1. For the stretch 124-147, which positions are under 48 Å from the mean Cα position of the chain (by Cα), more than 13 Å from residue 175 (Cβ to Cβ) and either assigned by TED's automatic domain parsing to the domain that holds residue 247 or exposed (fewer than 13 other Cβ atoms within 10 Å of the Cβ) (or both)?
2. Residues being free of Cβ contacts under 8 Å to residues at least 24 places away in the same chain and touching a strand residue (DSSP E or B) at 6+ places or on another chain (Cβ under 6 Å): count how many of those fall in the stretch 130-145.
3. Among the residues of the stretch 79-104, how many are farther than 17 Å from residue 303 by Cβ and at pLDDT 85 or above?
4. Do you know which residues across the stretch 294-315 are farther than 29 Å from residue 204 by Cβ, part of a strand (DSSP E or B) and at pLDDT below 90?
5. Any residue in the stretch 153-170 that is in contact with a strand residue (DSSP E or B) (Cβ under 6 Å, 6 or more places away or on another chain) and either touching a residue at least 60 places away in the same chain (Cβ under 8 Å) or under 20 Å from residue 95 (Cα atoms) (or both)?
6. For the stretch 89-123, how many residues are more than 20 Å from the chain's Cα centre (by Cα) and more than 16 Å from residue 147 (Cβ to Cβ)?
7. Tally up the residues in the stretch 229-271 that are in contact with a helix residue (DSSP H, G or I) (Cβ under 7 Å, 6 or more places away or on another chain) and either crowded, with 16+ Cβ neighbours inside 10 Å or within 24 Å of residue 92 (Cβ to Cβ) (or both), please.
């Protein structure tokens with residue numbers, strides 16, 4: 001199937017009208033329309049539209065622009081070429097940090113015997129989740145009285161200190177419960193990002209064990225000491241863990257929100273290609289044309305790249321298949337079929 005895709009694109013490139021401009025040329029959108037998001041879907045670009053600077057003027061009787069590639073809608077569909085209509089975006093500024101969930105930072109809750117006597121029943125096991133007030137043990141006193149020990153806090157049983165049949169007293173530990181919601185994590189903040197981190201900031205926590213899940217976190221404190229080898233600073237983060245899915249020792253990735261935003265035009269990172277003159281994108285022109293447009297990029301967040309110059313809301317940009325178009329375009333410029 002891939003060979004068919006390339007043959008279709010190669011045939012389409014035979015009809016490319018160039019004007020000697022060696023700037024990368026861009027292919028056209030799918031016949032079924034763009035995968036646009038935001039206002040302006042279905043709007044057709046008009047020559048001379050301004051977006052951070054005027055586009056190249058039309059040339060020749062057929063109105064072709066310098067560097068324009070034309071690819072039939074059928075070839076676009078076969079190659080999986082898709083476009084999106086740009087809109088203004090407001091993207092939160094973040095910085096990335098790695099870390100792990102720490103067990104020794106959790107506050108343990110020790111359950112003691114309610115009195116002296118024989119431990120008749122233990123109602124919990126290691127690793128079991130218990131709620132506050134849940135019965136943990138039953139003790140028979142020498143006088144025959146029945147005493148019940150209860151969990152002082154919700155959590156997970158992380159240690160067992162006694163067994164059924166043991167003689168216990170008021171000072172005896174029966175079990176230890178550790179609260180796992182919220183959990184404590186420790187992040188390694190790069191030195192270059194230190195000025196951007198402060199207690200109270202929100203963080204999006206991810207882990208390899210649950211790649212589709214995002215856990216809410218909050219920066220609680222920042223260490224006053226920097227690691228002289230790694231040039232990082234430890235920051236403690238409180239992580240919501242209501243379902244108990246996060247485990248002690250797990251590695252975590254955090255996107256820490258600085259509180260700032262960048263507003264303007266943003267495109268998917270895959271849409272931006274690199275050329276000899278710098279980054280560019282393919283802009284759709286009509287039903288079958290694509291034009292390479294130089295852009296000035298800025299910050300990147302969650303797969304989106306800020307575009308400072310070169311594009312405007314309403315422009316239709318190739319977001320899937322751009323690399324293939326670039327490759328075929330370079331072949332055409334080198335005189336290959």
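The values are calculated or read from the model by the stated rules, or taken from the named source; none is laboratory data. Nothing here was measured: the structure is a model prediction, and the numbers come from that model. Positions of Cβ are generated from backbone atoms using ideal geometry, with glycine treated the same way; all protein chains shown enter the neighbour counts.
1. 131, 133
2. Matching residues across the stretch 130-145 total 4.
3. Summing the residues that are farther than 17 Å from residue 303 by Cβ and at pLDDT 85 or above in the stretch 79-104 gives 9.
4. Selection gives 309 alone.
5. yes
6. Total satisfying the criteria: 9.
7. Number satisfying all stated conditions: 5.
Each row is one residue, and each column tells you yes or no for (1) closer than 30 Å to residue 257 by Cβ; (2) in contact with a helix residue (DSSP H, G or I) (Cβ under 6 Å, 6 or more places away or on another chain); (3) modelled with pLDDT under 95; (4) in a loop (DSSP other than H, G, I, E, B).
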residue	(1), (2), (3), (4)
118	no, no, no, no
153	no, no, yes, yes
171	no, no, yes, yes
181	yes, no, yes, yes
189	yes, no, yes, no
